[in-house]
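Q: Before we start, here is the structure in question, set down as structure tokens.
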Amino acid sequence: GSDPLITEKQEWAIYTGAGVDETPYGLPIKYEGDVIRRNVPWLTADPISSINFTPIHALDGTITPQGCAFERHHSGAIELKKEDYRLMINGLVDQPLVFTYEDLERFPRVNRTFFLECAANTGMEWAGAQLNGAQFTHGMIHNMEYTGVTLRTLLEEAGLGAAGDLSDKWVYVEGADASSNGRSIPMEKALDDCMIAFKANGEALRMEHGYPVRLVVPGWEGNMWVKWLRRIEVTAQAIESREETSKYTDTLADGTSRKWTWVMDAKSVVTSPSPQSPIKHGKGPLVITGLAWSGRGAITGVDVSIDGGKTWQKARLANEGQSMALTRFYLDTTWNGEEMLLQSRAHDETGYVQPTKAQLREVRGENSVYHNNCIQTWHVKANGEAENVEVSS
Amino acid sequence: EKLGLGRAALPEEIAAWNHDISPNGEGLPVGSGSVEDGEMIFSENCAVCHGEFAEGVDNWPKLAGGDGTLADKDPLKTIGSYWPYLSTVYDYVRRSMPFGAAQTMSDDDVYAITAYLLYSNYLVDDDFVLSNENFLEVEMPNAGGFIVDDRPETEYTIFTEENACYENCKDTVEITRRATVLDVTPEEEGTETVTEAAVVVEEAVEEPVDTPAVEEAAQEPVEAPAEEAPVVAAMSVDPELAAQGEKVFKKCAACHQVGEGAKNRTGPVLNGVIGATIAHVGDFKYSKDFTAAHDEGFIWTIENLTEYLHKPKAMFPKTKMSFAGLKKDEEIAAVIEYLKSASQ
């Protein structure tokens with residue numbers, strides 16, 4: 001029969017809608033109310049020192065809106081006014097300096113898009129399939145366009161002559177919050193591509209992302225992207241803070257641990273279909289889509305398997321891969337209504353190909369916690385529902 | 001090339017913020033602290049989360065034990081079993097602890113806590129005194145347990161284009177694990193529009209056998225459901241004072257929640273506390289002092305709550321609340337006003 005949504009006059013076509021002043025800073029329409037960050041309460045002792053997850057299963061494109069970009073803080077997100085903000089540079093510099101927020105806005109600015117991935121993303125999956133949804137298995141990631149000043153610009157303003165040979169020097173960074181979350185970064189990386197950011201996706205940083213100023217460390221684990229950045233110290237050695245010794249180190253099968261595992265290797269995940277984004281339309285045309293990224297450069301290709309890794313076909317990249325930023329991929333296909341074991345596999349410009357979980361376990365064992373960039377499998381059933389599973393190698 | 005922006009950092013400003021301590025001891029302040037003092041300071045400030053013997057409470061980090069477990073299936077990583085440098089303990093405790101009152105301890109107290117943590121890991125004797133002078137003499141058991149990232153040699157040579165298979169990559173594929181068997185995924189709130197095809201748990205739910213952790217994740221969900229708040233008799237509230245109290249409450253918020261949806265954390269939910277019998281939250285494990293007072297019918301009034309918040313341990317010596325108290329009467333009045341308003 002005919003569709004009453006077409007044949008009958010609808011109230012939205014008769015009455016007026018919201019005026020321009022209704023929501024001075026807009027929110028998503030109420031029908032998208034399920035597209036929100038979510039927490040896994042049993043992961044941590046308290047939500048003040050915890051993490052939530054980006055709803056990647058419900059997003060498309062590559063830019064993550066700040067309002068649903070995952071949060072991780074160690075002593076809560078603080079409210080720090082621009083007027084109260086100070087940034088100090090000290091240590092092995094010619095002139096220790098203090099900047100106000102206004103000072104930072106007077107340096108030449110850059111705009112660059114990068115992903116930020118927590119080192120623990122997918123960490124709960126080491127020993128087996130555990131959390132049932134791309135949001136939970138892969139949602140400790142976001143991708144934003146940052147506006148700010150390069151770290152090199154600020155370090156050169158303070159002068160690096162006092163540091164002498166820069167090749168073995170470090171930059172220690174810390175935040176203004178109660179955790180302060182100090183980390184050491186090799187000088188080479190600091191001068192290469194790190195940024196002091198104050199805008200993301202065009203707007204001021206959200207409180208939970210470090211308003212008014214955060215550090216950007218492209219391609220490297222999110223814990224190093226210090227929020228509420230208050231101090232930069234040039235040092236002769238790594239400080240070996242809590243977050244670079246007791247945490248964010250990777251224990252191997254024999255009990256020794258890797259440290260300074262900063263870079264996030266190439267990784268991808270199918271975001272739809274997935275457990276939170278099942279197929280509801282039955283057989284026929286189907287868009288399989290997902291995200292790929294590499295901390296070592298640009299994504300050059302993504303393969304998709306629908307049979308658990310027996311055969312692979314090349315997906316279409318929505319846009320050419322950008323270095324250390326998310327890349328969207330699509331596989332425009334026809335679903336025959338049969339079960340699928342859906343996987344994706346990223347390639348980056350170094351020639352690296354994303355490994356299986358079995359390959360990673362072969363090298364590292366199961367106790368690494370961090371840096372799990374294995375191929376993910378979704379079991380898509382005949383009714384269109386999907387489940388997080390692990391398959392034989 | 002320089003723009004001349006910013007101003008010179010003053011020596012006292014650098015001294016106020018430059019607190020990082022290196023493995024070689026650089027940055028250590030002059031001072032000392034004993035295991036004996038540390039035990040008392042730890043009990044008052046740290047034990048509520050980390051346990052009297054640093055063994056950990058609930059999901060909070062265990063700081064002691066785990067010796068020789070690093071190659072086990074679920075290694076226990078503590079200061080004794082895992083941390084390579086003692087400088088990290090001092091640096092972290094001084095900068096980030098205690099949770100909710102960071103950067104409030106004296107340098108000597110931090111030495112004492114560090115000494116006690118060594119003692120609780122059987123690394124020093126009970127008469128040990130740690131100072132900036134003997135700091136580097138302490139040997140950390142896992143100091144040699146770390147290697148610099150070797151992925152370039154061990155992984156990047158294997159996970160390559162040349163080794164990538166496209167056809168007939170394996171003969172058969174079996175599902176070996178399913179996430180729904182564990183059933184540890186949170187229920188989604190606000191998903192009315194998508195749950196039509198909610199995933200059905202096909203198999204009997206088993207105990208989570210493998211629950212790898214992010215940080216100090218627990219083996220099983222530990223959720224303290226909120227108790228129904230007792231009905232609070234309508235109390236008049238001064239909104240301005242309550243707003244000031246909301247700011248003061250930040251000092252409490254590391255452990256306590258109040259208001260709609262509040263849950264027990266390290267401390268009990270505070271809804272309806274004024275006018276309630278002490279220890280009124282049924283599923284919270286209170287101190288012996290509190291349960292005894294409960295049995296005697298002690299009721300929280302504005303007066304006795306004011307006294308308690310001024311110096312908690314003077315009123316209930318065994319209270320689990322490791323909070324020194326609010327010094328200013330105005331702050332106490334404001335926070336009580338906030339508790340009234342948030343409970344309604």
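The values are calculated or read from the model by the stated rules, or taken from the named source; none is laboratory data. Here the structure is a predicted model, which is why all the values come from computation and not from measurement. Counting neighbours? That spans all protein chains shown, and the Cβs are built from the backbone with ideal geometry, glycine included. Quick note on the areas: whole protein, heavy atoms, side chains included, nothing else; ligands and nucleic acids left out. Shrake-Rupley method; radii C 1.70, N 1.55, O 1.52, S 1.80 Å.
Q: Can you list the residues, at least 5 places off or on another chain, whose amide H is less than 5 Å from the amide H of A:Ser241, using H built in the peptide plane?
A: Placed amide hydrogens put A:Ser184 under 5 Å from A:Ser241.
Q: Then there is this: Any idea what % of Cα-Cα pairs in the protein assembly as shown are farther than 45 Å?
A: Counting every Cα pair in the protein assembly as shown, those more than 45 Å apart make up 26 percent.
Q: Now, a different point. Averaged over peptide A:119-130, how many Cβ atoms belonging to another chain are found within 10 Å of each residue's Cβ?
A: Neighbouring Cβ atoms belonging to other protein chains average 6 per residue here.
Q: Residues of region A:306-320 with amide nitrogen under 20 Å from the 7 Å Cα-to-Cβ point of B:Asn168?
A: Taking a point 7 Å out along Cα→Cβ of B:Asn168, the residues of region A:306-320 whose backbone N falls under 20 Å are A:306-314.
Q: In Å and whole numbers, how far do the C-alpha atoms of region A:109-242 stretch along each principal axis, longest first?
A: Projected onto the principal axes, the Cα atoms of region A:109-242 cover 53, 34, 28 Å.
Q: Can you work out ³J(HN,Hα) from phi for every residue in region A:256-262, in order, using Karplus 6.51 cos²θ - 1.76 cosθ + 1.60 and θ = phi - 60°, giving whole Hz and x for Gly and Pro?
A: For region A:256-262, the Karplus-derived couplings read 6, 10, 7, 10, 6, 8, 7 Hz, x marking Gly and Pro.
Q: What is the mean projected area of the alpha carbon convex hull for region A:182-223, to one decimal in square nanometres?
A: Averaging across all directions leaves 3.3 nm² for the Cα convex hull.
Q: Next question, about the same structure. Here is the link list: A:Lys227/B:Lys311; A:Lys227/A:Lys247; B:Lys263/B:Lys285. Which ones come out longer than 23 Å on Cα distance?
A: Flagged as over cut-off: A:Lys227/B:Lys311.
Q: Report the label-to-label distance for A:Asn383 and A:Gln237 in nanometres (one decimal), using points 7 Å from each Cα along the Cα→Cβ vector.
A: 6.1
Q: Given +1 on the Cβ of Lys and Arg, -1 on the Cβ of Asp and Glu, and no further charges, what dipole in debye does the protein assembly as shown carry about its Cα centre, rounded to the nearest 20?
A: About 1380 debye.
Q: Could you list the square roots of 5 times each eigenvalue of the Cα gyration tensor of chain B, that is, the equivalent ellipsoid semi-axes, sorted largest first and rounded to whole Å?
A: Working through the eigenvalues yields semi-axes of 40, 34, 23 Å.
Q: Report D for chain A in µm² per second (integer): Stokes-Einstein, Kirkwood Rh on Cα pairs, 37 °C, 0.692 mPa s.
A: D, rounded to a whole number, is 146 µm²/s.
Q: Can I ask one more? With every protein chain in place, what's the accessible area of A:Ser167 (1.4 Å probe, Å², nearest 10)?
A: Rounded to the nearest 10, that gives 100 Å².
Q: Enter the mean number of other protein chain beta carbons within 10 Å of the beta carbon of each residue in B:163-176, as an integer.
A: The shielding value for this peptide is 6.
Q: Another question, then. Quick one: which of B:Lys313/B:Lys340; A:Lys199/B:Lys327; A:Lys81/A:Lys169; A:Lys82/B:Lys313; A:Lys189/A:Lys314; A:Lys189/B:Lys62 span more than 28 angstrom between C-alpha atoms?
A: Long pairs (Cα-Cα over 28 Å): A:Lys199/B:Lys327; A:Lys81/A:Lys169; A:Lys82/B:Lys313; A:Lys189/A:Lys314; A:Lys189/B:Lys62.
Q: Relative contact order for region B:11-137: what is it in percent, counting Cα pairs under 8 Å that are at least 6 residues apart?
A: Computed value for region B:11-137: 36 percent relative contact order.
Q: Continuing with this model, one more query. So for chain A, averaging the separation of alpha carbon pairs under 8 Å that are six or more residues apart and normalising by length, what relative contact order in percent results?
A: 16
Q: Which whole-Hz ³J(HN,Hα) couplings does region A:148-160 yield from phi under the Karplus relation 6.51 cos²θ - 1.76 cosθ + 1.60, θ = phi - 60°, glycine and proline marked x?
A: x, 10, 6, 4, 4, 4, 6, 5, 6, 4, 7, x, 9
Q: Based on the Cβ-Cβ distance of A:Asp307 and A:Tyr330, what FRET efficiency does E = 1/(1 + (r/R0)^6) give at R0 = 25 Å, to the nearest 0.05?
A: Plugging the Cβ-Cβ distance into 1/(1 + (r/R0)^6) gives 0.85.
Q: Got a number for the accessible area of B:Tyr338? Probe 1.4 Å, square angstrom, nearest 10.
A: For B:Tyr338, solvent-accessible area is about 30 Å².
Q: Is the shape of region A:46-159 rounded, prolate or oblate, going by the alpha carbon gyration tensor and its root eigenvalues a ≥ b ≥ c, with a/c under 1.5 for rounded and a/b larger than b/c for prolate?
A: Taking the square roots of the gyration eigenvalues as a ≥ b ≥ c, region A:46-159 is prolate.
Q: Under a 5 Å amide H to amide H cut-off, with H placed in plane at 1.01 Å, what residues pair with B:Phe146 once short-range neighbours are removed?
A: A:Ser257
Q: Okay, moving on. Among B:Ala262, B:Leu118, B:Thr176, which residue has its Cα positioned farthest towards the positive end of the charge dipole of chain B, with +1 placed on the Cβ of Lys and Arg, -1 on the Cβ of Asp and Glu, and the dipole taken about the Cα centre?
A: In chain B, that residue is B:Ala262.
Q: So which GluC sites (Glu not before Pro) in region A:1-43 end up in coil per DSSP with only 15 or fewer other C-beta atoms within 10 Å?
A: A:Glu8, A:Glu22
Q: Can I ask one more? Roughly how big is region B:239-343's charge dipole about its Cα centre, with Cβ charges of +1 (Lys, Arg) and -1 (Asp, Glu), in debye to the nearest 20?
A: The calculation lands at about 560 debye.
Q: What value in Å³ per residue do you get for the convex hull of the alpha-carbon atoms in region B:11-137?
A: Here the figure is 109 Å³ per residue.
Q: Now, a different point. Through the Karplus equation 6.51 cos²θ - 1.76 cosθ + 1.60, θ set to phi - 60°, convert the phi angles of region B:33-39 into ³J(HN,Hα) values in whole Hz; use x for Gly and Pro.
A: In residue order, the calculated couplings are x, 9, 4, 4, 5, x, 4 Hz.
Q: What residues qualify as long-range amide H neighbours of A:Val171, i.e. H under 5 Å apart, gap of 5 or more or another chain, H built at 1.01 Å from N?
A: A:Ile185, A:Met187, A:Thr235
Q: Right, here's the next one. Over the heavy atoms of A:Cys374, what accessible area does a 1.4 Å probe trace out, to the nearest 10 Å²?
A: 0
Q: Averaged over A:73-80, how many beta carbons belonging to a partner chain fall within 10 Å of each residue's beta carbon?
A: 2
Q: Projected onto the charge dipole of region B:11-137 (+1 at Lys/Arg Cβ, -1 at Asp/Glu Cβ, origin at the Cα centre), which of B:Leu136, B:Ala16, B:Phe99 gives the Cα projection farthest towards the positive end?
A: Checking the options against the dipole of region B:11-137, the answer is B:Phe99.
Q: Rounded if a/c is under 1.5, else prolate if a/b is larger than b/c, else oblate: which is region A:267-389, with a ≥ b ≥ c the root eigenvalues of its Cα gyration tensor?
A: oblate
Q: Starting from the Cα gyration tensor of region A:1-40, take the square roots of the eigenvalues, sort them a ≥ b ≥ c, and report rounded, prolate or oblate (rounded when a/c is under 1.5, otherwise prolate if a/b is larger than b/c, else oblate).
A: oblate
Q: Which one, A:Ala238, A:Phe198, A:Met224, is farthest towards the positive end of the dipole of region A:150-239 when Lys and Arg carry +1 and Asp and Glu -1 on their Cβ?
A: A:Phe198
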